[in-house]
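First up is the structure itself, then whatever we jot down about it.
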Amino acid sequence: CAYVMSAIRIAWFKVYQPLNYYATYFSIRVVDFDIETMIKGYDAIILKIEDLENKGYEITKKEGDVLETLKIALEATARGIKFANIDLNKSDAIKFVKSETEENTLIPPFRSIDGLGDTVGKTIVQEREIKEFLSIEDLQKRGKVSQTLIEKMKSMKILTDLPDSNQLSLF
């Protein structure tokens, strides 16, 4: 009886509160993401799913987990939910959050970046609360972010508003 009641509650949220349902689902149940594909939307997700399914038995465990995540992301995007890019000032360390500015949009957490763990994500959020990051160099020092992750964040256009260093240039 308890399992049936739980299933009914989950189904109710999935139908009547889909944004809350998917935010919770991705925050609690999912570990492996392809966040870059999810941000691109429905068509990109379909292409990535086809690529992974075409691997057949050659698919790795991680790719299989990402495939399952993409299937749920496809369902969410088919229902009109979008995934925003990770935001240095709005993203949580671990949880997907609802966007305050865009309707039906989820902002992914820092841990959804491949290679960025929960500890670094929490450090970024803690340091952001103390004082705004002034530069990429400042983020790297205070947030304990490796150069590899900085390059990944640059390629994802997360750091476009930050200068490279704290030093001012006169020329």
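General remarks:
Every residue, every condition in (1) more than 20 Å from the chain's Cα centre (by Cα); (2) closer than 22 Å to residue 156 by Cα, yes or no:
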{"residue": "16", "(1), (2)": "yes, no"}
{"residue": "26", "(1), (2)": "no, yes"}
{"residue": "44", "(1), (2)": "no, yes"}
{"residue": "58", "(1), (2)": "yes, no"}
{"residue": "78", "(1), (2)": "no, no"}
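- Total residues in segment 105-135, condition modelled with pLDDT of 90 or more, among the hydrophobic types (A, V, I, L, M, F, W, C) and more than 15 Å from residue 86 (Cβ to Cβ): 1
- Of the numbered criteria (1) closer than 17 Å to residue 153 by Cα; (2) in contact with a strand residue (DSSP E or B) (Cβ under 7 Å, 6 or more places away or on another chain); (3) assigned to a helix (DSSP H, G or I), the one residue 91 fails is (3).
- Of the set (1) of a type in the set (A, V, I, L, M, F, W, C); (2) free of Cβ contacts under 8 Å to residues at least 12 places away in the same chain; (3) crowded, with 16+ Cβ neighbours inside 10 Å; (4) out of contact with any helix residue (DSSP H, G or I) (no Cβ under 9 Å at 6 or more places or on another chain), all apply to residue 44 but (4).
- Scan of segment 141-170 for residues that are surrounded by 11 or more Cβ atoms within 10 Å (Cβ to Cβ) and farther than 25 Å from residue 32 by Cβ, ordered by number: 141, 142, 162, 163, 164, 165, 166
- Restricting 21, 3, 25 to residues that are assigned to a helix (DSSP H, G or I), touching a residue at least 24 places away in the same chain (Cβ under 8 Å) and open to solvent by 30 Å² or more (accessible area, probe 1.4 Å) narrows the list to 25.
- Within segment 33-59, tally of residues that are of a type in the set (D, E, K, R) and within 16 Å of residue 86 (Cβ to Cβ): 3
- Among the conditions (1) closer than 19 Å to residue 102 by Cβ; (2) open to solvent by 90 Å² or more (accessible area, probe 1.4 Å), residue 51 misses just one, which is (1).
- Qualifying positions in segment 114-140 - open to solvent by 90 Å² or more (accessible area, probe 1.4 Å) and of a type in the set (Lys, Arg): 122, 131
The values are calculated or read from the model by the stated rules, or taken from the named source; none is laboratory data. Quick caveat, the model's predicted, so the values are computed rather than measured. All Cβ positions, glycine included, derive from the backbone under ideal geometry; neighbour counts span all protein chains shown. To get the accessible areas, we keep the full protein, side chains included, count just its heavy atoms, and leave off ligands, DNA and RNA. Shrake-Rupley method; radii C 1.70, N 1.55, O 1.52, S 1.80 Å.
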